[in-house]
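The values are calculated or read from the model by the stated rules, or taken from the named source; none is laboratory data. Worth saying up front: this structure is predicted, and the values here are computed from it rather than measured. Here the Cβ positions follow ideal geometry from the backbone for every residue, glycine too, while neighbour counts run over all protein chains shown. Remember, those area values only see protein heavy atoms, side chains included, never the ligands or the DNA or RNA. Shrake-Rupley method; radii C 1.70, N 1.55, O 1.52, S 1.80 Å.
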Amino acid sequence: MSGESPVHEPVVFDARTLPVNDNVNPYAFSVDLDGRWFLQKGKMIAYYGQIDFHGIGHGPLDHLIAASFHSPLHAADWVVAEGKGRLLLADRAFDVNSFDLDDGNLTVRSGNLLAFEPSLSLKQSIVPGFLTLIGTGKFIAASNGEVHFMEPPVRVDPQALVGWADCPSPCHHYDHAYLQGVLGGIRAMTGLGGASGEEHQFDFVGQGTVLIQSTEMLLAERNAGAVPDQAGVPGPG
Amino acid sequence: MARFRLEGSKVLAVTLAGGGDVVKAKNGAMVAYDGEMTFKKLTGGGDGLRGMVTRRLTGEQMEVMQVKGQGTCFFADRASDISLVRLNGEKLHVEASNLLCTEGGLRTGTTFTGLRGASQGNGLFTTTVEGTGLAAVLSDGPAVLLRVSSGMPLQVDPGAYVAHQGDLRQSFQSGVNFRTVLGEGSGESFQVRFEGEGVVYVQPSERNTLGGDL
Amino acid sequence: MPFRELSAKLVEARVAPGERLFSQRGAMVGYRGEVRFTPSIQGGQGGWMSMIGRRVANEATPLMTVEGQGTVLFGHGGHHVEVVELDGQTLCVEADRLLAFDGSLQQGTLFLGRDGGVRGMVRGQISGQGLFTTTLSGHGSAAVMAHGGIIQLPIAPGRPVHVDPQAYVAHFGDVRNKLTTALGWRELVGRGSGEAFQLELSGEGMVFVQASEEKL
């Protein structure tokens, strides 16, 4: 029972040894900055080097909205990190992953997107609350638990959906089968037995990849920006 | 001599041999034990009268218990990750709420840390641990250890700061060319700049940040 | 066995015709195939006595029945999930920590702190401890949730384990339990608080403890 306690020599990083555009651990990501990145506010935990942070759309950076954001959306939620150094990003100890797009597109829940390279452009999805990244480059997203990838056909709890790539937008699926039949009738009339909480899913079909987090607990929603109020445009929901 | 062992990354197992074998731990952080254990509330937290007075003045409520006995006691705190730090005479600075457990031979006290605490809204003081032995430090997610050396200063979000060791100077950086577009928030953010020679522990979370919005 | 751990926080279950699963309502995160989710009044078997037991114990955690053919992903609240295989043993687990379990397992209710019975129930209500647990027995598997992951501590004769009731997750084996308090503990946490007591588990078996003092 006695003897030295086993203490592993901890890994100490510095500006040279921090990973280059890779995870430090499942919850922290190290960006090798040489130029610009877009960050959601509040996600920088530490940095080495000469890095300036600017609000987007402010003064000289006005043109960035046109170049990378393509819409008058949520600019106040984003900052530009500009300079040279190593930048550590994290989000409330949630799992953090980087994704590489090669002339592709991926739609992600607005609250899950942490940062992206300016070579990607960010657009509002037709689906309210989601953002679509288009082009070639790297972005970083957080999820509550590891991200799990599934191929359609699959039905997903709305709160567990992180995003999807390449496949068509999902449709709503309602499951009220248990309301049929005699017992179901009694349930429907009396409310006895309650609801399963699984009456509604997002239904994905076609070719692509669906990203699911391991819990139905949402990350804090971010404003995905207003859409023009006009006929034929789905509302913000 | 207490023996520290991590069970996974979030539970600390401390085996005590009985007699004068003792550790100090964060109040209420015991989740299980076998053998015989006794628990005692330590008033004041820091050592001696000065520590007590300092705590009274600073209002830093570091609730500490003394654990004594023979067997193994398991400590955990809200699913936080745990780092073991071995001290050989150096001093460890740590946020009071991030200190889970210290070996009996270590002394704890309080020091003034300046404005960083102010931006975090939890007082101007942090806890220091000194002596020879092991300390267990909590973080929200596994801590990342970052070295500071001459010519390689480090900037840290106050909410992500957990602890530091070495000969480091802290300074308070504000308004790093950062302004919000739509006039939301204070329009300024705060960072702590560390210079000198040492190691800073940061957590992959900025949960406590009140002052910073970056 | 129908459960597979996909990550620390996500399990996959297979359902086939003629089999069914129970799961906590709202804990399904995705599925493939033809699967039905039906709210369950009783949470399966156990009959009226176990229902009353749960009512008294305030342990009426809503369950749903999962039937059909396909695969279902379960996860809840960002909690860690551990799959426990039962091969004839009885698992005692707090109902709100059960993410999902085989429909073939028998359910019951047990009071922790005194070995069950009416007196135990009364004591439980007086002290407001609510230390009732669900029991699962038979052959099958159960997915159990914990805040921050689980450590398993063996219980051996002459070597009881004391657990903070807030951090207690589940146990199995030939284990007796009672509420005790360690020297100095009540002064530490305050006499009025529900944390003043610890759960002493003795006999032979295993207890699961989570890395947190937060109830789910």
- Would you tally the residues in segment A:1-40 being more than 7 Å from chain B (Cβ to nearest Cβ), open to solvent by less than 30 Å² (accessible area, probe 1.4 Å) and under 16 Å from B:M152 (Cα atoms)? 2
- Task: Considering each residue of segment B:22-37, count those that are in contact (Cβ under 8 Å) with a residue 40 or more places away in the chain and surrounded by fewer than 20 Cβ atoms within 10 Å (Cβ to Cβ), and give that number.
- Result: 1
- Pair list, Cβ under 7 Å, 6 or more apart: segment C:80-99 residue part of a helix (DSSP H, G or I), other residue at pLDDT below 90 and not aromatic (F, W, Y): C:A95/C:E59; C:A95/C:T61; C:A95/C:T134; C:D96/C:T61; C:D96/C:L216; C:R97/C:L216
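Tell me which residues, restricted to segment A:198-219, are of a type in the set (V, I, T), part of a strand (DSSP E or B) and either more than 10 Å from chain C (Cβ to nearest Cβ) or in contact with a Ser or Thr (Cβ under 8 Å, 6 or more places away or on another chain) (or both).
Filtering segment A:198-219 for residues of a type in the set (V, I, T) gives A:205, A:209-210, A:212, A:215.
Subsequent filtering for residues that are part of a strand (DSSP E or B) retains A:209-210, A:212.
A:T209, the sole residue that qualifies.
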- Message: If a residue must be over 18 Å from the mean Cα position of the chain (by Cα), open to solvent by less than 50 Å² (accessible area, probe 1.4 Å) and more than 10 Å from chain C (Cβ to nearest Cβ), how many such residues does segment B:3-20 contain?
- Response: 4
- Task: Could you tell me which of the residues C:G173, C:G148 is at positive phi, open to solvent by 30 Å² or more (accessible area, probe 1.4 Å) and either of a type in the set (G, A, S) or assigned to a strand (DSSP E or B) (or both)?
- Result: C:G173
- Query: What are the residue pairs meeting all of these: first residue in segment A:147-175, first residue within 7 Å of chain C (Cβ to nearest Cβ), second residue open to solvent by 70 Å² or more (accessible area, probe 1.4 Å), Cβ atoms under 6 Å, and 6 or more apart or on different chains?
  - Reply: A:P153/A:V205; A:V154/C:R32
- Task: Could you grab me the full set of residues in segment A:191-205 that are modelled with pLDDT of 70 or more and either hydrophobic (A, V, I, L, M, F, W, C) or surrounded by fewer than 13 Cβ atoms within 10 Å (Cβ to Cβ) (or both)?
- Result: A:F202, A:F204, A:V205
- Can you pull out the residues in segment B:21-53 that are in a helix (DSSP H, G or I) and either modelled with pLDDT of 95 or more or over 17 Å from the mean Cα position of the chain (by Cα) (or both)? B:G48, B:L49, B:R50, B:M52, B:V53
- Message: I'd like to verify a number: residues in segment A:108-131 that are out of contact with any Leu (no Cβ under 7 Å at 6 or more places or on another chain) and among the β-branched types (V, I, T), how many?
- Response: 2
- Query: Quick one: which of A:H74, A:H63, A:H70 is within 11 Å of another protein chain (Cβ to nearest Cβ) and either surrounded by fewer than 22 Cβ atoms within 10 Å (Cβ to Cβ) or modelled with pLDDT of 90 or more (or both)?
  - Reply: A:H74
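Looking at segment B:75-86 only, could you name the residues that are open to solvent by less than 10 Å² (accessible area, probe 1.4 Å) and either within 7 Å of another protein chain (Cβ to nearest Cβ) or of a type in the set (V, I, T) (or both)? Spell out the reasoning first.
Looking only at segment B:75-86, we keep the residues that are open to solvent by less than 10 Å² (accessible area, probe 1.4 Å), and these are B:75-76, B:85.
The answer is B:A76, B:V85.
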- Message: For segment B:68-85, give me each residue that is more than 22 Å from C:G158 (Cβ to Cβ), of a type outside the set (D, E, K, R) and outside any loop (DSSP other than H, G, I, E, B).
- Response: B:F75, B:I82, B:S83, B:L84, B:V85
- Item | Segments classed as strands (runs of 3 or more DSSP E), wholly inside segment A:116-175, with at least 1 members that are open to solvent by 10 Å² or more (accessible area, probe 1.4 Å), more than 24 Å from C:A8 (Cα to Cα) and not assigned by TED's automatic domain parsing to the domain that holds A:L89 | A:161-165, A:171-174
- Task: Scan segment C:139-189 for residues that are more than 7 Å from every other protein chain (Cβ to nearest Cβ) and of a type in the set (V, I, T) and jot them down.
- Result: C:V144, C:I150, C:I155, C:V169, C:V175, C:T180, C:T181
